[in-house]
Each structure stands twice: as structure tokens, then as C-alpha cells.
Amino acid sequence: MIQRLLLLLPLLLFFVVAGYFLWGLSPDRDPQALPSAMVDKPTPSFDLPPVPGLEQPGFASADLGKGEVVMVNFFASWCVPCRAEHPYLTDLAARTGVPLYGINHRDKPEAAVAWLEELGNPYSRIGADSGRGAVEWGVSGVPETFILDGEGRIRYHHRGPILGQLIEDEVEPMLRALRQ
Amino acid sequence: MKRLIAALAFVVAASLGLPAAAVEPDEVLADAALEQRARDLSHEIRCVVCQNESIDSSNAELAKEMRILVRERLVAGDSDQQVLDYLVARYGDFVLLRPPVKPGTYVLWFGPAVITVLGILGVFFFLRRQRRPASAVQPLSAEEEARLARLLDSADASDAGAPAHAQPGQSQKDTAERS
Amino acid sequence: MIAELGHFALILALLTAVVQGSLPMVGAARGYMPWMSLAAPAALMQLVLVALSFAALTYVYVVSDFTVVNVAENSHSAKPMLYKVTGVWGNHEGSMVLWILILALFGSMVAFFGGNLPPSLKARVLGVQAWIGIGFLLFTLLTSNPFLRVFPAPADGRDLNPLLQDPGLAFHPPLLYAGYVGFSMAFSFAIAALIEGKLDAAWARWVRPWTLLAWAFLTAGIALGSWWAYYELGWGGWWFWDPVENVSFMPWLLGTALLHSAIVVEKRDALKIWTVLLAILTFSLSLMGTFIVRSGLLTSVHAFATDPERGFFILVLLLITVGGSLLLFALRAPVLKPGGLFAPISREGGMVLNNLFLAAACATVFLGTLYPLFLEAIDGSKVSVGPPFYNVTFVPLMVPLLFVMALGPLMPWKRADLAGVFARLKLAALGALAGAAITLYLREGWPVLPAAAMGLVAWLFVASLVEWCERIKLFRAPLGDSWRRARNLPRAAHGMTLAHAGMAIAAAGMIGASVWNLEEVRNLRPGESMQVAGYDYRFDGVEQIQGPNYLADRAQITVTRDGRPVAVLTPEKRLYPVQNMPTTEAAIHTTWVVDLYAVIGDSDGRGGWAVRIFHEPLVPWIWIGCIVMVLGSFVSLSDRRLRIGAPSRKAKAVPAGGHPAPAE
């Protein structure tokens, strides 16, 4: 009897593994996706200078968590998806009135200025990041967006562009919940 | 192949700027001992935008940033563990090429040892079961052999230390279950 | 026209496979000879058709017919001819056709050489082969057709990835597939044996050469891939424990186990159920490798564009093939009658330990490779399993394996005297001590672990030679006598000695490479030099050159040691304009004990260049060891006993000894 069971064992193990394979193939799964470790963490420590050529001030950790909900968005002029999310972000900031802080990641200042002139500037502050800022925020690429609550705690982190459905399903509900 | 995908990723996604080479001359610390620590540590840290590549060999900008950061923190007096903790706090366990030992990874870490021990036990019982008959080999008639095969076949679940002629109770039960 | 011909031939091959997979199987079940004898001509027919299809695909590549999508996406008119041809399998679709071609080749070899197989076994083996063929032909035709046309045709192609335009990688896939697919032979024989309910020494004698052939190809394929990574990627590394490497390594580990357990089946009629399971699992792992590489399941580095639909198709194929065969195994394995008995200390016992450690090592690699997927499925968290994990789990399993490897060949079948075996290994023990002592002497800082590891490797190497010398009575009998004995010794015995010694050489290389490699990177201006491990590297400067389809910065580095010239290294940094892709070409000078390895990096814009020097002790031994292992397999394969195959079935003796051993 035990021998019979032992002989069945390879098949059973194979079915278990095959089950995982099937799960792994599901279209909802993005094998490249990297979960965030930043949610519920306090504001990272950073101090970013302004982008040369822009009138706006840079910002640092101390500027966040002053009782106001804030969005922080990593972007760069060389980043194609940033261009795609730009109108959505602009609209979101205007509609909700939530301040949008930008972190301009590894960019040439002239290019960033020209990019904002062309597409419009929804950011209330923009810090220039030479690379370390991204590491402090646990960012792996651009664009990435964070929502911080009034105490400066990170409550939401999204890797990739913020676009239509995502705003409706995740971003706006989060903003509403935090502002109540 | 890794660089291949790194390069492809660069072409397709252009995620973090132009590629640089792995550890570059300007990153190297003057203190050889500290530099060696940085190198060893870098082999344990995954470049999170690459494919199974350590930051030491990666040419991604983010990996370069992390290499510099590792060195800065070591120079500032951090222990190796503190540097790793710093990165785990920002990127999660994913950043470690040596996964931490915790309930979620017990199977990973102890699986190989458990499998090996089970294998050794299996081999042990298998060999013990055949030790006795091997010591006194005497040809049996075909009929005896067939009978014995039936008995052994049904009794091999029983303790291997038992005589080759299995316990009658056990074999009956097994036979009953099987039929 | 040619492309359509190739497509049509592939469809005909599918129809032939359907015939080959059905009628002979029914014939074998009913004992109907004419249907059984259909299998062989069908297998040959299939080879002709698939070869025709492959030739057609090669033709459209050679003439750069960009009306074919596959060619347009993976080739370019300016590409050197060699890479136009090898580009055929440098992409997913083409590599599937190659896969099928090799499968058909193996099938037709059974048809051709299998004259002495019992007709029902031959029919069933070819039938199972045809089933595998049907699966992959359907997969190729339905999801990965390489003959699709595009309109309008592009003016030129997108070119093959420059990293693949390399002789090492050009021949890596065919060897690897020959290994993967070669294991299908053992698989088909195992399934046929399960269906027949009969597995005996003769069966093992048919299976062994096929397994050995597959193993030799796989060894060569993995070694070539590793070598390519070593010189082409410019990191001085040769193994990265990447999922794609691991999936080729797992069948190798189990295939090695199978190779040994099949010997026990042949000589002693024991371990039958286990051997059948190994045969099934080895090929299953080969299939799983194909699945993982092409499904995008794991974030891994590989050249194939991934597609979930294709992944799903192969998964279904995997479920049918592996699930079906393991079900058959669970149902039919009890039918296989256990055979010869043996004492724990015996040749068989050694093989069992070999199988134990290899299987455990394979399980470890399996766990490490797939664990990120398992964990992600369970709680959504992501982990990375990298080289540090394998260093502490896999490597310790190799220690007892290498140790026992030295003992096994010295032990007689059935029962051995361990004290006697160790007595014969005095010389090996001396060798081990010498190996450890030399390591301690040559290396500073009292490196205990590396010294122990080198001692272990020396132990294995000397023991392998001792066994061989004993068999030919070298130094114990007149030389002429020894020569005669060596000539009379079965080729398989020479093969085993070579394979084991090769393993020792390769292991020494791996230890040296992972423990003592050095890397220095420095910014040098022309005329400046740097010292690495006693060698002096003078950077002479960089010149721009134009290759056939690339531009390059070529550096010249003069290597001297104590003022004496050693070598001139010319590493390059290339840019392939079609794909706008930079590559590095390392320059390597080998002294056969150490590789001097140079890579040129970026210019700092002020006349300085990043020069990267790797000092790689013993790395050449890895490839030498692999070559010796492969050589050993081919020497074994030339053994008359294997070539002729099994003796007539009547001659097959019932194994000595009365008591049947219970199957494991």
C-alpha cells in the first residue's frame, strides 16, 4: 500500500508544480512587477535642490507631512511613459487640489524645462535628483508615484504611469480617504 | 545572456538612462579592505531592474547608484548587515540574492537538507531490507520465488528490520486493501 | 515558394507522426506485425520531411528573403553567412524546428539501428517518440510558424542580436537540444517498458548508449554556453545560477544519475523502478526547461520573446506528457519485478549513493529556481534566489558525491570490502594530501576550505587513475603486457576513467575560479600600466576599427611578467548599428593554468579608459574537464558491446540469486 502511494507521489508532486505553473501564466500576473516596500513607511530622508532654470523651489523631507496630503511623482523628460501619464496627472492635481510634488530623475535641466514648457507644469515643487533620491524612495524606474498622508507617512506607491482606470480605482479613493 | 536582456530592456524601456559598465574606476574606494567588503556585499545585492544580476556586475544606472551607496555607507561605518537592512527597508527582500531565513523561506532553506535526509533514510531502509537475504543466498525454485515475491511485495510496507518473510498480519491487511 | 514548401513539409511531418504514433502502437498491442513494422519507415519519412522543412527555413535565411516574417525579424543582409545560417535557430520559431529535427533524427536512428530490438518494443518506442513529435509539431504549426509571410516586405531585416553572433553561441543550441531531445529516447524506452510490463538487462543495454549520447551532447552544450558567457559577457564569470542555466543543469544532474542506475539495471537487474522514474523525470525536466524558457514564467534572461499563449500550449503539452507518463508509472511500475540483491557496501551501493546525491542536488536546484514563483503564488511577496543560496545548499551535496565517486569503480558488484577498497586508495589519499598541501603552500593566508576542496578533487583524480592502472596492471606487469590489457579492456572502462577524471579536472577549475579569481578596474591613459597577481598590464591605447557589421574601439594591452613579454591583449567595445547595441569583446590569454582576461570600458573623455583585468586561475580546467568528460562518453559509445546492442533475448540470463528484492 505504501509502495503504491510512493509510486503515486511523483505524479502528485507534478500536479502541484503544474498548478503553480498555471497560476504563473495567468495574464493578470506581471512577472516583472516589484512590490513596494515603502507603503506605511515614514517620509524618506532626502533634500533635493531645485531644477536649474525653473522658478520653483526644490524640497526636502521636512517639507512633507505638514498636515497636508501630498502626491510625489518621479519623472524625467527622457521617459516615454511619463509623457503618457502627464495629462492625467495634470488633470488629477487640478481636479482634486492635492499638491503634486515632482522629482525630476536623472535629467538634463534644459531638457526638463523644455519638457514642462511643452506639456505644462502641474507640479507645485520640483526637486532635481541625481540618482540617490530614487534609492531613498525605493524607486526602481520612472515614472513612479507616491501618496503621503498628513503625517508624512507613505500610504500609496505605484510603479509605472498613473492612467485612467487606475486613477478611478485606486488613486482617487485613496485621496478621498486620506483627506477625510 | 544577462547583458543581452539588460541591453534589450534599455532599448525597449529606457528605464534609467544610459547604461554604464559594471564597477567603474571612479567608484573604487582607496581603502582596499573596505573596497573588498563593498565588492563582497555587492555580490549579495540584486540589481532590482535587471534579471538575476547582482549590482556588482550590472551595468544599470540604478545598480551603479546602489554600488556607490554601499560604499558610502561602509565608509560611514555601517556594518554589512546595516547596509543590507537599509536596502531591504526600501526595496524589500527582493533586493537580497540570499533570501532571508524566515517562515516564508523555510521550505527553500531547509528543503534541500530535508530531501537529502529523506533520501538517506529511504536508501537506508531499502538497503537494510535486502541485507538479510543477501547474506544467505540460496537459489529458490521458481514457485518459491514467485510466492516470495508476492509476500515481499505485499509486505514491503512493514519494518525493514523484520525478517524477509513479512509479518502475516500486515501482509493480510495489505492484501485485503489491495484486492 | 520555398517557405511554403517548408511549411507544407512540416504539415506532412505531422501527419506522418500521427500514423507513426497510432498504428504501430495498436499493432504492438494486438501483435499485428505489419502495423508494427510501419513505425520504422514512418520515422525515416518524418526525418526526411522535417529535414526538408529545416532546409527550406535555412534557405530563406541564406538568401535573406525578408518576405518571411521570421527572417525579417531575426536576420540582416549584411550579416556574415555563418550567422545567417545559425540565425535559423537564434529565435523561438526556428529553434523549435531544430528541436523537431533533432527529435526526428533520434527517432530515425532507432528505426535504422534498432534492427535487433524486439518488434513490439521498437514499435512502441517509435510510437512514443511520434507522440512527442506530434505535440511539438502542433505547437510549432499552431503558435510558432516560422514560415509566415509579411506584406509589404521590409527593405532589410532587424538583424540577429549581436551577442548571439558568436561561434560559441551559434552551436550552443543544437548541442543543448541534442541533449534535451536525446533524453527522449530513454523516456520512450521507459514508457514502452511500462506498457510492455517488462524491463530487463537487455532493455538497459539499449537505453544506455542513447542516454550516454544525450548526456555527452548536453554536457558539451552546457559547457559551450558557459564558455560563451565567460568570454562574451565580459564579467569573467562562467556560471550565474540563472533560471535558464538551471533548467539545462537539472536534466544534466538527473541524466547523470540515470546513466549510472541504468548500469545497475543492466548488470544486476536491480533498481528498475527507480531507473524508469529517472528516465521519465530526466526528459520531463528537459521539457520543463523548454517550457520555462519560452513561457516568460520566471523573470529570466533568455533570447526568446515570451508569449503566455505559447506558454499555455506547452503547459498543456507538459501536463499530457509528464502527467500521463507519471500516471502510467504509478499504475504499471509494480509490474516490474525486482531483481538482483546487493549488500550496502558494493558497486551497486555506490551507484545508489551517486543517485541519491545527484537527485538531491537536482531537487535543490529545482527548489531554488522555482521558489520565487511558489512564494509569489502563496503570499505575493517576491524573493531572489541567487548564487549565495546555491553556494550553501548545492555545493555541500557535491562533497560526498565526489568522495564516493572515487570509491565506486573500485568496488565489485554485490558485495565489497570497504577496508580493502580504502587500502587500494592509499595513493589517492596521498594525492589528496598533496593537493591540499600544494594549495596551502601556493596560497597565502591558510585557506583551509579551498585546500580541503582541492584535496578532495585530487583524491578523485588519483583514484580514477589508480583504478585504471590496476585494471591494466600498469607497473605491476611488463609494459607490453599492460598495453595488451589496455587494448583488451572494454572501451566503456576507458570511458568511465576519462569521464571521472574529467569531472575531477572540471571541479578543480570550478574551485579555483570561484575562490581565487581577482578583478581590478583602473582608469588608464595610454602608456600607463597596472599590476594584477604578478602580471604587468600596459595600456597602449585605443584604435577605431570597422567590422563587417559593427564599429569597434579596440584597445591594445601588453602583458609582461618580470619584464618578459607574455601576451598582447586586444579587447574591443563594439557597436552594432542595426540594433544600436553595444557589446564588449573580452581578450583572453590562457596559460592553461590561469586566464588573463581583459575588458575595455568607457573613455573618461580626458584620454583615460576604464581597463578591467580579471585574473582567473584554473578556469581553463573547467572546459578541459568538460572536453575530457565528453571524450570519455564517446570512447564509451564506441564500445562494441554498446554498438552491437543487446545479445539475443534467449541468451539473457535470469539474474543469479534467488530472492527478488523489493522495489524501492
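Would you mind finding the one in C:Ala513, C:Ala463, C:Ala492 that is within 16 Å of C:Met405 (Cβ to Cβ) and either part of a helix (DSSP H, G or I) or in contact with a strand residue (DSSP E or B) (Cβ under 7 Å, 6 or more places away or on another chain) (or both)?
Exactly one residue qualifies, and that residue is C:Ala463.
Looking at the range C:1-110, what helices (runs of 4 or more DSSP H) fall wholly within it and have at least 3 residues that are within 24 Å of C:Leu160 (Cβ to Cβ)?
Per the criteria, C:2-30, C:39-62, C:69-74, C:81-86.
Suppose we filter the range C:369-388 for residues that are at the interface with chain B (Cβ under 7 Å from one of its Cβ atoms) and of a type outside the set (A, V, I, L, M, F, W, C); how many remain?
Qualifying residue count for the region: 8.
Criterion first (within 9 Å of another protein chain (Cβ to nearest Cβ), within 30 Å of C:Asn145 (Cβ to Cβ), surrounded by fewer than 21 Cβ atoms within 10 Å (Cβ to Cβ) and out of contact with any Ser or Thr (no Cβ under 9 Å at 6 or more places or on another chain)) does C:Leu315 satisfy it?
No: the conditions fail for C:Leu315.
Looking only at the range A:10-27, decide whether some residue is more than 13 Å from chain B (Cβ to nearest Cβ), free of Cβ contacts under 8 Å to residues at least 24 places away in the same chain and in a loop (DSSP other than H, G, I, E, B).
So far as the range A:10-27 goes, yes, one or more of its residues are more than 13 Å from chain B (Cβ to nearest Cβ), free of Cβ contacts under 8 Å to residues at least 24 places away in the same chain and in a loop (DSSP other than H, G, I, E, B).
Looking at this structure, is C:Pro400 exposed (fewer than 15 other Cβ atoms within 10 Å of the Cβ) and either among the β-branched types (Val, Ile, Thr) or in contact (Cβ under 8 Å) with a residue 40 or more places away in the chain (or both)?
It is false that C:Pro400 is exposed (fewer than 15 other Cβ atoms within 10 Å of the Cβ) and either among the β-branched types (Val, Ile, Thr) or in contact (Cβ under 8 Å) with a residue 40 or more places away in the chain (or both).
Quick check on this structure: which one of A:Pro44, A:Pro57, A:Pro35 is farther than 30 Å from C:Ile280 by Cα and away from chain B (no Cβ under 14 Å)?
So the residue among A:Pro44, A:Pro57, A:Pro35 that is farther than 30 Å from C:Ile280 by Cα and away from chain B (no Cβ under 14 Å) is A:Pro57.
Kindly evaluate A:Lys66 against the criterion of being more than 22 Å from A:Ala33 (Cα to Cα) and within 13 Å of another protein chain (Cβ to nearest Cβ).
no
Of the conditions (1) modelled with pLDDT of 85 or more; (2) surrounded by fewer than 24 Cβ atoms within 10 Å (Cβ to Cβ); (3) within 13 Å of chain A (Cβ to nearest Cβ); (4) in a loop (DSSP other than H, G, I, E, B), B:Gly17 clears all except one; give me its number.
(1)
Working only within the range C:223-248, note down all residues that are of a type in the set (Phe, Trp, Tyr) and either crowded, with 24+ Cβ neighbours inside 10 Å or not in a helix (DSSP H, G or I) (or both).
C:Tyr230, C:Trp235, C:Trp238, C:Trp239, C:Phe240, C:Trp241
Applying the selection to the range C:369-405, what residues are closer than 18 Å to C:Ala506 by Cβ and either polar (S, T, N, Q) or in contact with a Ser or Thr (Cβ under 7 Å, 6 or more places away or on another chain) (or both)?
Those that are closer than 18 Å to C:Ala506 by Cβ and either polar (S, T, N, Q) or in contact with a Ser or Thr (Cβ under 7 Å, 6 or more places away or on another chain) (or both): C:Asn391, C:Phe394, C:Leu397.
Could you tell me whether any residue of the range C:335-343 is assigned to a helix (DSSP H, G or I) and either free of Cβ contacts under 8 Å to residues at least 40 places away in the same chain or more than 12 Å from chain B (Cβ to nearest Cβ) (or both)?
So far as the range C:335-343 goes, no, none of its residues is assigned to a helix (DSSP H, G or I) and either free of Cβ contacts under 8 Å to residues at least 40 places away in the same chain or more than 12 Å from chain B (Cβ to nearest Cβ) (or both).
Residues in the range B:70-104 that are more than 14 Å from chain C (Cβ to nearest Cβ) and touching a residue at least 12 places away in the same chain (Cβ under 8 Å): how many?
Adding up the residues that qualify gives 6.
Listed here are the residues, each with its yes/no results for (1) within 14 Å of chain B (Cβ to nearest Cβ); (2) in contact (Cβ under 8 Å) with a residue 12 or more places away in the chain; (3) touching an Asp or Glu at 6+ places or on another chain (Cβ under 9 Å).
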{"residue": "C:Arg485", "(1), (2), (3)": "no, yes, no"}
{"residue": "C:Leu489", "(1), (2), (3)": "no, yes, no"}
{"residue": "C:His500", "(1), (2), (3)": "no, yes, yes"}
{"residue": "C:Val521", "(1), (2), (3)": "yes, yes, yes"}
{"residue": "C:Gly527", "(1), (2), (3)": "no, yes, yes"}
{"residue": "C:Gln531", "(1), (2), (3)": "yes, no, yes"}
{"residue": "C:Arg538", "(1), (2), (3)": "no, yes, yes"}
{"residue": "C:Glu543", "(1), (2), (3)": "no, yes, yes"}
{"residue": "C:Arg554", "(1), (2), (3)": "no, yes, yes"}
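Do the conditions hold for B:Ala149, that is, is it touching a Pro at 6+ places or on another chain (Cβ under 6 Å), facing chain C (nearest Cβ under 7 Å), at pLDDT below 90 and part of a helix (DSSP H, G or I)?
Against the criterion (touching a Pro at 6+ places or on another chain (Cβ under 6 Å), facing chain C (nearest Cβ under 7 Å), at pLDDT below 90 and part of a helix (DSSP H, G or I)), B:Ala149 qualifies.
So, A:Ile126, is that one farther than 13 Å from A:Cys82 by Cα and either at pLDDT 90 or above or surrounded by fewer than 21 Cβ atoms within 10 Å (Cβ to Cβ) (or both) or not?
Yes, satisfied.
If C:Leu326 satisfies all but one of (1) facing chain A (nearest Cβ under 9 Å); (2) touching a Phe, Trp or Tyr at 6+ places or on another chain (Cβ under 6 Å); (3) under 30 Å from B:Pro99 (Cα atoms), what's the number of the condition it fails?
Condition not satisfied by C:Leu326: (3).
Quick check: anything in the range C:471-489 surrounded by 20 or more Cβ atoms within 10 Å (Cβ to Cβ) and modelled with pLDDT of 90 or more?
The answer is no, given that none of the residues of the range C:471-489 is surrounded by 20 or more Cβ atoms within 10 Å (Cβ to Cβ) and modelled with pLDDT of 90 or more.
From the list A:Pro50, A:Pro35, pick out the single residue that is surrounded by 13 or more Cβ atoms within 10 Å (Cβ to Cβ) and modelled with pLDDT of 90 or more.
A:Pro50
Every residue, every condition in (1) in contact (Cβ under 8 Å) with a residue 12 or more places away in the chain; (2) of a type in the set (Phe, Trp, Tyr); (3) farther than 30 Å from C:Asn91 by Cα, yes or no:
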| site | (1), (2), (3) |
| --- | --- |
| C:Leu14 | yes, no, no |
| C:Gly27 | yes, no, yes |
| C:Tyr32 | no, yes, yes |
| C:Ala43 | yes, no, no |
| C:Ala55 | yes, no, no |
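Restricting attention to the range A:127-141, and to residues there that are part of a loop (DSSP other than H, G, I, E, B) and of a type outside the set (A, V, I, L, M, F, W, C), which single residue is farthest from the other protein chains (Cβ to nearest Cβ)?
A:Ser130
Looking at the range A:142-153, which of its residues are modelled with pLDDT under 90 and part of a strand (DSSP E or B)?
Of everything in the range A:142-153, nothing turns out to be modelled with pLDDT under 90 and part of a strand (DSSP E or B).
The values are calculated or read from the model by the stated rules, or taken from the named source; none is laboratory data. Only a predicted model underlies this, so the values are computations on that prediction, with no experimental measurement involved. Counting neighbours? That spans all protein chains shown, and the Cβs are built from the backbone with ideal geometry, glycine included.
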